[in-house]
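Peer 1: Here it is: the structure, laid out below.
Throughout, read-outs are computed from the coordinates displayed, never taken from laboratory work. All figures in this text were calculated on a predicted structure; none of them were measured in a lab. For neighbour counting, all protein chains shown are included, and Cβ atoms are generated from backbone atoms with ideal geometry for every residue, glycine included.
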Amino acid sequence: MADLWQSRREAAARAVEPLAARMRPRTLDEVAGQRHILGPGKLLRRMLDADRLTSILLHGPPGTGKTTLAEVIARHLDRHFERENASSVGVARIRQIIEEARARLGESGRRTVLFLDEIHRFSKSQQDVLLADVERGLITLIGATTENPLFAVNSALVSRSTLFRLESLSEEDVVAVLRRAIGDAERGYGKMDLRVEEEALRVWAVKSDGDARRALTALEVAVLSGGSARTTGRARVPTLATPRADELPVPPIAITRADAEESIQQKAAVYDGTGDQHYDAASAMIKSVRGSDPDAAMYWIAYMLEAGEDPRFIARRLAILASEDIGNADPRGIMVAAAAWELVERIGMPEARITLAQCATYLALAPKSNASYVAIEEAMGDVREGRTIAVPRHIKDGNVRKAGDMSEGGAGGARGEGYNYTHEAGIESRLLGKVGAQDYLGVEKRYYRPTEHGAEKMLKERLEEARRLRAGRASEERA
């Protein structure tokens with residue numbers, strides 16, 4: 001009798017489960033996507049087939065199936081499964097799980113998998129209790145996080161774990177998941193005569209953005225709302241395996257593209273503002289502008305703004321890019337970026353999006369040069385490595401002296417002793433007017449190497465003339 005009541009309770013619980021929960025994979029072969037880690041010969045698949053699973057960290061975007069995969073792994077290895085959230089589990093609960101795992105191993109030989117969601121929130125006190133038993137293999141730890149574990153997870157956990165990244169599902173993977181749910185008579189809608197247009201499946205596949213759970217929820221909403229109309233005929237959908245219509249308790253249901261679009265809401269951008277998504281999107285924008293692709297730059301700026309990014313952060317990054325990647329190839333770039341930053345500060349959103357778009361498109365199509373960036377990096381490198389150069393005596397400040405300092409130039413004068421004022425004693429130059437004829441560094445070193453791009457080509461000609469004239473004057477003085 002107890003078994004009967006238990007069976008009824010389980011059936012009742014399954015009856016109210018949403019479709020996404022009912023259709024969770026039960027075996028490795030049912031897991032959608034992730035062929036880069038679960039395909040034949042791939043590392044995780046080899047570990048599971050050989051029953052040699054060590055502690056692992058699963059990381060990737062939401063909706064990629066980290067929790068589901070952990071459950072499938074435990075089922076595949078026939079291990080007891082414990083699920084906790086690292087942000088809320090306490091030390092006492094961890095000790096309890098360890099003791100139960102030890103007893104279970106001693107009594108039945110069955111090992112335990114502990115799944116910790118949001119493992120980046122695992123505290124040091126929790127680690128101290130758990131890590132020794134993880135190392136001994138008493139418990140197999142599977143952690144899940146949407147963050148990059150190399151930065152977000154404690155080093156003690158990372159060093160004891162194998163990392164696997166889960167990727168968002170492709171559109172074909174999502175369509176396959178939907179078809180399985182439509183045809184599954186036990187867990188899905190296989191007992192219904194469901195007529196789903198191919199375009200409807202594609203709408204869900206695209207708008208779910210690789211999230212199978214969201215696609216299945218949209219399918220469920222469309223079915224429960226009855227589609228666009230309940231048909232009265234006995235026609236069948238050729239591409240879907242469905243039972244005979246006269247076996248159905250309700251008339252067939254047709255789901256069109258319009259139904260699909262109505263059943264799935266706009267997905268919010270996956271973006272935490274401080275983690276990987278924040279930096280990845282900014283990197284994508286910068287590299288798009290650097291690569292002279294204004295279309296890609298527009299998308300990444302729109303993506304960040306729609307996700308709630310501070311427009312001032314975007315303006316600041318564009319200002320940095322204007323010097324780092326455009327520089328003197330188009331000196332107006334830094335002026336455009338500065339003006340855009342100031343306007344963004346003043347006008348705010350939503351109008352600031354237009355200013356950011358104008359700035360990004362201009363910078364994307366400006367000639368590129370990183371010569372200024374390379375020059376300062378080389379000079380900074382020389383300074384950091386201890387290659388300190390004394391300021392040549394003739395260009396030292398002659399106006400400010402410490403009391404009693406009469407060295408190298410005496411007590412005063414508008415200029416350091418021996419300095420030749422460029423406007424009076426400079427060399428006549430066709431391009432520069434006057435060029436200083438003296439040595440201003442004390443050693444032979446060239447940091448700035450202008451390119452042939454944009455306005456920098458003109459600067460290169462000027463620089464070459466200045467260097468040539470100085471070299472000629474130096475040669476004359478030595479002679």
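Peer 1: Which cross-chain or sequence-distant (5 or more) residues have an amide H under 5 Å from the amide H of residue 57, H modelled 1.01 Å from N in plane?
Peer 2: The list, which skips near neighbours in sequence, is 143, 162, 163, 164.
Peer 1: Roughly speaking, what is the centre-to-centre gap between the stretch 66-125 and the stretch 433-468 when only Cα atoms are used, to the nearest Å?
Peer 2: Distance between centres, Cα-based: 66 Å.
Peer 1: Applying the Karplus parametrisation 6.51 cos²θ - 1.76 cosθ + 1.60 with θ = phi - 60° to the phi angles of the stretch 433-442, what ³J(HN,Hα) value in whole Hz is obtained for each residue in order, glycine and proline being reported as x?
Peer 2: Couplings: x, 10, 10, x, 9, 9, 8, 9, 10, x Hz.
Peer 1: Amide H neighbours of residue 429 under 5 Å, counting only residues 5+ apart in sequence or on other chains, H built in-plane at 1.01 Å?
Peer 2: 434, 435
Peer 1: Provide Rg and Dmax in Å for the stretch 114-196, with only Cα atoms included in the calculation.
Peer 2: For the stretch 114-196, the Cα radius of gyration and maximum Cα-Cα distance read 19.2, 55 Å.
Peer 1: List the trypsin sites (Lys or Arg not before Pro) within the stretch 50-98 that fall in a DSSP loop (any state other than H, G, I, E or B) and whose Cβ has at most 13 other Cβ atoms within 10 Å.
Peer 2: Hits after loop and neighbour filter: 52.
Peer 1: Compute the relative contact order of the stretch 308-358 as a whole-number percentage, counting only Cα pairs closer than 8 Å that sit 6 or more residues apart in sequence.
Peer 2: 43
Peer 1: At q = 0.11, 0.16, 0.25 Å⁻¹, what log₁₀ I(q)/I(0) does the stretch 300-385 have when each alpha carbon counts as one equal point scatterer in the Debye sum?
Peer 2: Values, matching the q order: -0.34, -0.63, -1.11.
Peer 1: Using the Cβ atoms and a cut-off under 15 Å, what net charge is assigned to the surroundings of residue 288, where Lys and Arg are +1 and Asp and Glu are -1? Write out the running numbers ahead of the final one.
Peer 2: Values: positive: 287, 290, 317, 368; negative: 280, 293, 295, 324, 325.
Here the charged neighbours net out to -1.
Peer 1: If you don't mind, another one. Eigenvalues of the Cα gyration tensor times 5, then square-rooted: what semi-axes does that give for the stretch 1-152, in whole angstrom, largest first? Each step should come with its number before you reach the end.
Peer 2: Values: eigenvalues 118, 96, 61 Å².
Result for the stretch 1-152: semi-axes of 24, 22, 17 Å.
Peer 1: If I stretch the segment between residue 312 and residue 432 completely, what's the gain in nm (0.36 nm per residue apart, minus their alpha carbon distance), one decimal?
Peer 2: Full extension of this stretch gives 39.4 nm more.
Peer 1: Residue 83's amide H: which non-local residues (gap 5+, or another chain) put their own amide H closer than 5 Å, with H modeled 1.01 Å from N in plane and none for Pro or chain starts?
Peer 2: Under 5 Å from the amide H of residue 83: 115.
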